[in-house]
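Student: Quick one: the structure is below, and I'll ask about it shortly.
The values are calculated or read from the model by the stated rules, or taken from the named source; none is laboratory data. Values in this document were obtained by computation on a predicted structure and should not be read as measured data. Note that each Cβ is placed from the backbone with ideal geometry, even for glycine, and that neighbours are counted across all protein chains shown. Calculation scope for accessible area: heavy atoms of the full protein, side chains included, ligands and nucleic acids excluded. Shrake-Rupley method; radii C 1.70, N 1.55, O 1.52, S 1.80 Å.
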Amino acid sequence: MIRYPRPERWLLVLMLLVALAGCSVSLIQPYDDVIEKTASDFYEDFLRFTISVGRTRGTYADNRAFYDKWQPKLTTLTARAVAANPSGRCPSTETYGGLMPQGVTTARAAATPSGGRVDVAPVGDCTAQLLQLLEDQFADFAKFHEAQGTLGLPPEARAPRELVLTSVRAVLYVELARKQGK
Amino acid sequence: MALDADALLSTMSQAAANAFGQVWKDVKNYTIPELRKLAGTFVDIELGLSAKPPYYTKESADILFRMQVRATQSILTATTALTMMQVEKALNQILAAVRLAINEAVKFALV
């Protein structure tokens, strides 16, 4: 009869192999102060924009400069995170361990109007994916604003602002946790 | 000195348990409040479409639904990242916990 080592011995061997590859393990990219600062600046600028445009019911056409300023900045931030860890992955972010059994791509397609663009699956590690999500979220906010026409951004419309801010906070929460060495 | 696998396992398990205590705190302090805020946006979209006059157009509401999927993905990705940080911390704590015993046993600085 073949005898296999007990599971804990396999765990010990695994630990030793990991240890041989280096004395400490790093699974996600280190804290990046550029990401924290840019995301914080965007949070404040976006909040100010939605308050002032909400007050005046400004249309997309009247406010293109704001989108032209931030879209390249967010794209650059994503590129920076992908370049920092090109082969990085964020495990289980397609189905989230079965929480979204049909997969995120399918869910997004279902929530996309026919003929609309569906996001491709995000690439890179968790930080890069969070920044890609923020970039896409802001691009959709611009489309939302444009689709509102003369309604603009009414002050009572909380959802569009909150949905973008949710994606910014996700980036900030992870960066700050990294900074604090949680 | 021979290595005692059971003692090492006990040391490693304790280090892992201490590290993973933070995961639940992160879920409680970050994930659940964010999901609660997200739930509020569903109510707002329904109100915006049924208000007289509506403050969302049909086309803009479609975009909002897509943004809700993405916001949910952001929250879950951040939760995954926070969990990975704890996995990383646990691995490093486990290595640190057994470093002395292993190095003494092999008589050189293996770990």
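Student: Is the stretch A:49-67 home to any residue that is open to solvent by less than 30 Å² (accessible area, probe 1.4 Å), of a type in the set (Val, Ile, Thr) and part of a helix (DSSP H, G or I)?
Tutor: Yes, the conditions are met somewhere in the stretch A:49-67.
Student: Considering each residue of the stretch B:93-111, count those that are part of a helix (DSSP H, G or I) and either open to solvent by 40 Å² or more (accessible area, probe 1.4 Å) or touching a helix residue (DSSP H, G or I) at 6+ places or on another chain (Cβ under 6 Å) (or both), and give that number.
Tutor: Within the stretch B:93-111, residues that are part of a helix (DSSP H, G or I) and either open to solvent by 40 Å² or more (accessible area, probe 1.4 Å) or touching a helix residue (DSSP H, G or I) at 6+ places or on another chain (Cβ under 6 Å) (or both) number 10.
Student: Considering only residues that are under 24 Å from residue A:134 (Cβ atoms), of a type in the set (A, V, I, L, M) and either open to solvent by less than 20 Å² (accessible area, probe 1.4 Å) or at the interface with chain A (Cβ under 9 Å from one of its Cβ atoms) (or both), which ones fall in the stretch B:24-76?
Tutor: Once the filter is applied, which keeps residues that are under 24 Å from residue A:134 (Cβ atoms), of a type in the set (A, V, I, L, M) and either open to solvent by less than 20 Å² (accessible area, probe 1.4 Å) or at the interface with chain A (Cβ under 9 Å from one of its Cβ atoms) (or both), the stretch B:24-76 yields B:38, B:43, B:45, B:61, B:63, B:64, B:67, B:69, B:71, B:75, B:76.
Student: Is it fair to say residue B:79 is of a type in the set (Val, Ile, Thr), modelled with pLDDT of 80 or more and either closer than 30 Å to residue A:55 by Cβ or outside any helix (DSSP H, G or I) (or both)? Give the steps one after another, and end with the answer.
Tutor: On the way: of a type in the set (Val, Ile, Thr): yes; modelled with pLDDT of 80 or more: yes; either closer than 30 Å to residue A:55 by Cβ or outside any helix (DSSP H, G or I) (or both): no.
Judged against the criteria, residue B:79 is not a match.
Student: Right, another one. Residue B:102 versus (1) at the interface with another protein chain (Cβ under 9 Å from one of its Cβ atoms); (2) touching a residue at least 24 places away in the same chain (Cβ under 8 Å); (3) under 20 Å from residue A:181 (Cα atoms): which is the lone unmet condition?
Tutor: Every condition holds for residue B:102 apart from (3).
Student: Scan the stretch A:148-161 for residues that are assigned to a helix (DSSP H, G or I) and either more than 7 Å from every other protein chain (Cβ to nearest Cβ) or surrounded by 19 or more Cβ atoms within 10 Å (Cβ to Cβ) (or both) and jot them down.
Tutor: A:150, A:159, A:160, A:161
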